[in-house]
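Colleague: Next up is a structure, given as structure tokens.
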Amino acid sequence: MELNRRNFIKLLVGGAVGMQVTPLPWKLTDDIAIWTQNWPWVPVPPVGAFESVKSVCTLCPGGCGIEVRKVDDRAVKIEGRTDYPVNPGGLCPVGMGGLQLLYDEDIRFTRPMKRVGPRGAGQFKDISWEEALEMLSSRISNLRSQGKPEALAAVDGSMRGSTMSLLIERFLKAVGSPNYLRIPDVEDTYWMTNVLMTGHEGPLACDIENADFVLSFGCGFLEGWQGAGRIINAWSILREKALKKKAKVVQVASRASNTASKADRWMAVRPGTEGALALGISHVLINEGLYDKNFVNKHSFGFENWTSSDGKEHIGFKALVLKKYSPRQVAQITGLKPSQIISLAIDFAKAKAPVALLGKGKGALNGSLYEFMSVMALNALAGNLNQTGGLLISDPLPLNGLPDFEQDALASKGTKKPRLDGAGGPDFPLSKSLLNKFAETVAASPASPVDTLLVFSSNPAFTLPDGGKFRKALKKIPFIVSFSPFRDETALMADLILPDHTYLEKMDDVPWPAALQFPLYGLSRPVVEPLYDTRHSGEVILQTAKKLGNTIGDAFPWEGYEDILKIRVKGLFNSGSGLVHYDGSAPVWQRLTAKAAIKPDYKDLDELWEFLKTDGLWYRPQYPTGAGEYHFKTPTGKFEFYSTQIELAVSQNAKGGSRKKILNAMGVHARGDEVFMPHFEKTLAQAGTSDYPLQLVPYEMVNLASSWVPNPPFLKKTLFDNELLKDESFAEINPRTADKYHLKEGQRVWVESPSGKVKVRVTLFEGAMPGVVYLPLGLGHSAYDEFLKGKGSNPNDIIYPSKDPVSGLPVWWNTPVRITKA
């Protein structure tokens, strides 16, 4: 046959038709379908009765309501609840993929185990729970026999204020160790900002749905900030208002994220300069007289210049801002134009219900204290604290605390010893926990000061932005116990595995979901019976305490973990208010201004408890405090632009010594009264050096888990080819930066910092700020299964660790890097 154009087309058409006629492609398709159905984490429902079980998701602090569909005993689908006021039917991709975390045996521990191979090799031997508990209790008992209870430490990733967090901290106190450590996250910075400026320890909530101007300093609304179930719904409300010109969203960030790209305005500031912009906006508000004078004059301290009781003159926040943060000065810091700052400030001031939000990405990582104080001060100037559409300040939920107990002499002596992380000490007197400093201390010690480390609900070997310091510390610690249900990087370094249930197999609480504008208590429930020989970590603590006996056993008199939850819930009942039913007919955010007392819809504690166990909900549908009610609990009884608590901490530590030395140790470069007020610390934005001229900024995505929870394998397929291609992840780089360093799309390069280097490919992105390299968080695992292990690079491995002034928390957004060809 002559090969011409007509015959060539006939051949192609004939081949296509033949392929449809022959059974070969359909046979291959059928074989592939059968093969994929045999993957262990693909739900294969049996024939049986359908059932839906209500619960609460605890994968992140968002606390979304979930409904799990079951066929007989097999869970087959997770979706958001419409009868839960946090997330009206919405759920994030990780939450929807939760069944893969339940059923994938390749990423879970199925029974207690002890290490039999080299540390980190993941070689374990099955043991009984009796042997496991005996190993743990004997280890702790030996430490106490040697008079070294403080050599026990624990790392806890539970929510702040949750029952598990209280139980773990209580266990260490009963044994005699001060070394209870928490995974650093944005709640740490919120908590310290709130305490210093308002005196409250409750959550920092935001009434986004009722705002008409949202000024977001890095909060990733569409990346999963504070729980995607609620926030993405709030975003849709704001966008609907925007179409009617009744609301605006302005995103302040160096990178054109999904949130920045879809906002009404994107303010591209240099990384780490967000606080300076907040101060520049404050300058315009003060200079133009656009701030709330009534609030400032009646309810604040330190705004105007003032004289202390010893006759010393002090400058106020007003004088500081007018002198150092004019639009021209701030433009030089941030890279914006003065006109942009002025325009933004005027729009913000003219809004009826503006709110400035503080946070970065999803909120899984901490922020900078002075930056958050600057944004909080901006909200105070706008007069939107405890107002509709503003920031809401309150006390924690009225949950009962756990009863006090009496320590023995050894425990009392141990808990009075200095913490290994330095939190509460001379350098960081206001901090409660500094896991990054703990890792540095252990890694730098000739012999580990920690003998036994307990790790709960966390994977710091992967998530801590410290350039691998925590992994180095783990190699020195003689005995590590992991309570993780997952085969994560930290667990593979452990000597003893005491696997917890997954969140779908146990009961746990969510006290006031992150950023929610009304009080709510969520309680998860087991939607399936535990699949394997695992145990609730709360039960393991109780059992270990009983084995240790004496005063330790006496501190844990409860039969089970559920008894402890019920004791705490009694506080909700005693508050005399709250509801346990929600039908979804009217969103709670539309009826928060009601002033009448909320009459309970349950008659007694037992009924409240039964409703909680089935529906997982207690809430009070009204603002925590009335509009214009503040009840500040600072030493001055007012909102403090000038923090008297920072001043007191510095003064006490400087007694008989140098104040300059104390400030240097705290990482503060400012001097004088500026130290005690919101201000911009240049070191938070300085990254480039002659050897490392670029700046590394990690970023987060809604479809990629970047916390201690593994990413559901299916979500890998939602990543674009310029995010993850086979086993290689990508660095986003501006084309101008790429031209300067002769880089091309798809090119393999090393991104190197003083802490190490990772291999990635280049993707050119106009939304990346020139001079900055962006790497996604959540990739680069060295643990789990074939679908997660070895996929991409982890930017935490090369973060060059530095500390946030005053708070001491890790600074993860200004690591200096360079790029070399691979």
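Colleague: For region 216-266, which residues satisfy the criterion of being hydrophobic (A, V, I, L, M, F, W, C) and out of contact with any helix residue (DSSP H, G or I) (no Cβ under 6 Å at 6 or more places or on another chain)?
Modeller: Residues satisfying the conditions are Cys219, Ala228, Ile232, Leu238, Ala242, Leu243, Val250, Ala256, Ala260, Ala263.
Colleague: Taking the condition of being open to solvent by 50 Å² or more (accessible area, probe 1.4 Å) and either of a type outside the set (D, E, K, R) or at pLDDT 95 or above (or both), how many residues in region 118-127 meet it?
Modeller: Of the residues in region 118-127, 5 are open to solvent by 50 Å² or more (accessible area, probe 1.4 Å) and either of a type outside the set (D, E, K, R) or at pLDDT 95 or above (or both).
Colleague: With (1) in a helix (DSSP H, G or I); (2) closer than 29 Å to Thr58 by Cα; (3) modelled with pLDDT of 95 or more; (4) not aliphatic (A, V, I, L, M) as the list, and Ser236 as the residue in question, which single condition is left unmet?
Modeller: Of the numbered conditions (1) in a helix (DSSP H, G or I); (2) closer than 29 Å to Thr58 by Cα; (3) modelled with pLDDT of 95 or more; (4) not aliphatic (A, V, I, L, M), the odd one out for Ser236 is (3).
Colleague: Which residues, taken from region 760-788, are small (Gly, Ala, Ser) and surrounded by 24 or more Cβ atoms within 10 Å (Cβ to Cβ)? Step through it out loud before you land on a result.
Modeller: To start, the set of residues in region 760-788 that are small (Gly, Ala, Ser) comprises 767-768, 771, 778, 780, 782-783.
Scanning region 760-788 gives Ala768, Gly778.
Colleague: Also, I was wondering about something else. Only one of these is touching a Lys or Arg at 6+ places or on another chain (Cβ under 7 Å) and either within 28 Å of Phe438 (Cα to Cα) or among the acidic types (Asp, Glu) (or both): Val709, Val758, Val817, Val811. Name it.
Modeller: After ruling out the rest, the residue left standing is Val811.
Colleague: Same structure again: For region 70-170, list the helices (runs of 4 or more DSSP H) that sit wholly inside it and hold at least 3 residues that are closer than 27 Å to Phe405 by Cα and not β-branched (Val, Ile, Thr); which are they?
Modeller: 129-145
Per-residue answers, yes or no, for (1) hydroxyl-bearing (Ser, Thr, Tyr); (2) buried (at least 22 other Cβ atoms within 10 Å of the Cβ):
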{"site": "Val758", "(1), (2)": "no, yes"}
{"site": "Gly790", "(1), (2)": "no, no"}
{"site": "Pro795", "(1), (2)": "no, yes"}
{"site": "Tyr800", "(1), (2)": "yes, no"}
{"site": "Val806", "(1), (2)": "no, yes"}
{"site": "Trp812", "(1), (2)": "no, yes"}
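Colleague: Could you please find all residues in region 456-496 being outside any helix (DSSP H, G or I) and of a type in the set (Lys, Arg)?
Modeller: Within region 456-496, just Arg487 meets the criteria.
Colleague: Which count do you get for residues in region 562-574 that are open to solvent by less than 50 Å² (accessible area, probe 1.4 Å) and either at pLDDT below 95 or of a type in the set (Lys, Arg) (or both)?
Modeller: 1
Colleague: Let me ask something else. Looking at (1) crowded, with 17+ Cβ neighbours inside 10 Å; (2) closer than 21 Å to Thr815 by Cα, which is the one condition that is false for Leu715?
Modeller: Unmet condition: (2).
Colleague: Can I ask one more? If you go through region 771-822 one residue at a time, how many are under 27 Å from Arg182 (Cα atoms), part of a strand (DSSP E or B) and charged (D, E, K, R)?
Modeller: The number of residues fulfilling the criteria is 2.
Colleague: What is the residue count in region 658-713 for residues that are among the acidic types (Asp, Glu) and not in a loop (DSSP other than H, G, I, E, B)? Full working, then the answer.
Modeller: Taking region 658-713 as the starting set, the residues that turn out to be among the acidic types (Asp, Glu) are 673-674, 681, 691, 700.
The next check asks that each one be not in a loop (DSSP other than H, G, I, E, B); those that pass are 673-674.
Counting residues in region 658-713 that are among the acidic types (Asp, Glu) and not in a loop (DSSP other than H, G, I, E, B) gives 2.
Colleague: OK, next. When you go through (1) closer than 30 Å to Pro624 by Cβ; (2) modelled with pLDDT of 95 or more; (3) assigned to a loop (DSSP other than H, G, I, E, B) one by one for Val510, which number turns out not to apply?
Modeller: Unmet for Val510, out of (1) closer than 30 Å to Pro624 by Cβ; (2) modelled with pLDDT of 95 or more; (3) assigned to a loop (DSSP other than H, G, I, E, B): (3).
Colleague: Residues in region 582-589: is at least one closer than 18 Å to Arg170 by Cα and buried (at least 19 other Cβ atoms within 10 Å of the Cβ)?
Modeller: no
Colleague: When you look at Tyr619, is it in contact with a His (Cβ under 8 Å, 6 or more places away or on another chain) and modelled with pLDDT of 95 or more, yes or no?
Modeller: Considered against the rule, which asks whether it is in contact with a His (Cβ under 8 Å, 6 or more places away or on another chain) and modelled with pLDDT of 95 or more, Tyr619 comes out as no.
The values are calculated or read from the model by the stated rules, or taken from the named source; none is laboratory data. What you are looking at is a predicted structure, and each value in this text was computed from that prediction instead of being measured. Here Cβ is always computed from backbone atoms with ideal geometry, including for glycine, and neighbour counts include all displayed protein chains. Side chains included, ligands, DNA and RNA excluded: accessible areas come from the protein's heavy atoms. Shrake-Rupley method; radii C 1.70, N 1.55, O 1.52, S 1.80 Å.
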